[in-house]
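Structure first, commentary second.
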Amino acid sequence: VAPFGITTYPMWSKLFNDTLCRWTCAPVLLSIPIISIFLRNIGYIPAKSSSIVETLTKKEQNVGIILDGIAGMFQQSSKEEKAYLKKRLGIIKIALRSGAPIVPVYGFGHTDMYTVVVDPLGVLEKLSHMLGASLTPFFGRWMWFLGPPRRTPISVVFGEPIVCPKVEEPTKEMIVEYHQKMLDAYENLFETHKEAYGWKDKKLRFV
């Protein structure tokens with residue numbers, strides 16, 4: 001799913017076709033008392049390659065991933081949509097090793113729900129990556145700090161699956177090839193549906 005913004009509503013969908021979908025979250029969240037119990041009980045797994053591969057292969061379940069993750073929270077612009085996907089090669093390697101198809105999902109409206117405060121030096125973003133948890137000040141409706149989201153229409157669209165062959169040790173060239181297929185799929189998904197959402201003139205940029 002992309003882009004992330006502050007929250008992404010498709011993550012609450014538990015089923016894709018007839019197979020259970022396990023959503024990923026920052027591993028640190030699964031070490032916090034009470035919160036970890038709640039997240040595990042509703043099916044979350046840590047956003048780690050070993051956990052994702054095990055779920056795809058041994059448990060034969062789907063895995064939902066917020067591709068731009070923490071970095072995506074810091075990529076907001078009123079003039080364009082930005083998705084932090086250029087460096088997301090790891091997910092392609094996982095898909096190839098597992099032989100799992102990649103289904104691109106785009107959430108229109110997520111980035112309009114909150115206003116994120118991004119410091120110009122990028123200190124908060126670096127700290128967030130170091131801690132494995134977001135330190136992202138944001139404002140919602142009526143500019144309330146950490147408040148409820150703005151009343152923004154949300155449209156979630158699904159693209160055609162990118163079928164990945166099962167390869168035990170995919171080459172760098174193969175990873176780059178399928179990564180480009182994923183980027184192309186997201187761009188096509190955005191361009192196909194943006195006018196219906198009301199974003200006729202908005203562009204999607206990968207960072």
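The values are calculated or read from the model by the stated rules, or taken from the named source; none is laboratory data. Since we're looking at a predicted model, the values are computed, not measured. We place every Cβ from the backbone using ideal geometry, glycine too, and count neighbours over all the protein chains shown. The area values use the complete protein model at the heavy-atom level, side chains included, leaving out ligands, DNA and RNA. Shrake-Rupley method; radii C 1.70, N 1.55, O 1.52, S 1.80 Å.
Inspection of the range 57-71 identifies no residue that is at pLDDT 90 or above and on the phi > 0 side of the Ramachandran plot. Of the residues making up the range 105-117, not a single one is at pLDDT 85 or above, open to solvent by 30 Å² or more (accessible area, probe 1.4 Å) and of a type in the set (A, V, I, L, M, F, W, C).
Based on what the data block shows, is ALA133 modelled with pLDDT under 80 and of a type outside the set (Asp, Glu)? Yes: the conditions hold for ALA133. Candidates are the residues of the range 17-35 that are of a type outside the set (Val, Ile, Thr) and surrounded by 16 or more Cβ atoms within 10 Å (Cβ to Cβ); the one that is farthest from SER134 (Cα to Cα) is CYS21. Each residue in the range 172-200 was checked for being part of a loop (DSSP other than H, G, I, E, B) and open to solvent by less than 70 Å² (accessible area, probe 1.4 Å), and 2 of them qualify.
Screening PRO148 against (1) surrounded by 12 or more Cβ atoms within 10 Å (Cβ to Cβ); (2) not in a helix (DSSP H, G or I); (3) not charged (D, E, K, R) leaves a single unmet condition, (1).
Here LEU85 passes the criteria (1) out of contact with any strand residue (DSSP E or B) (no Cβ under 6 Å at 6 or more places or on another chain); (2) crowded, with 16+ Cβ neighbours inside 10 Å; (3) not charged (D, E, K, R) except the one numbered (1). State yes or no: is GLU80 among the charged types (D, E, K, R), out of contact with any Pro (no Cβ under 6 Å at 6 or more places or on another chain) and open to solvent by 50 Å² or more (accessible area, probe 1.4 Å)? No, not satisfied.
A single entry from VAL163, VAL167, VAL156 fulfils the requirement of being touching a residue at least 12 places away in the same chain (Cβ under 8 Å) and open to solvent by 80 Å² or more (accessible area, probe 1.4 Å): VAL163. Examine the range 68-88 for a residue that is closer than 22 Å to SER155 by Cα and over 19 Å from the mean Cα position of the chain (by Cα), and state whether such a residue exists. So far as the range 68-88 goes, yes, one or more of its residues are closer than 22 Å to SER155 by Cα and over 19 Å from the mean Cα position of the chain (by Cα).
Which of the residues that make up the range 36-57 are within 22 Å of LEU135 (Cα to Cα) and of a type in the set (S, T, N, Q)? If the condition is that a residue be within 22 Å of LEU135 (Cα to Cα) and of a type in the set (S, T, N, Q), then SER36 is the only one that fits.
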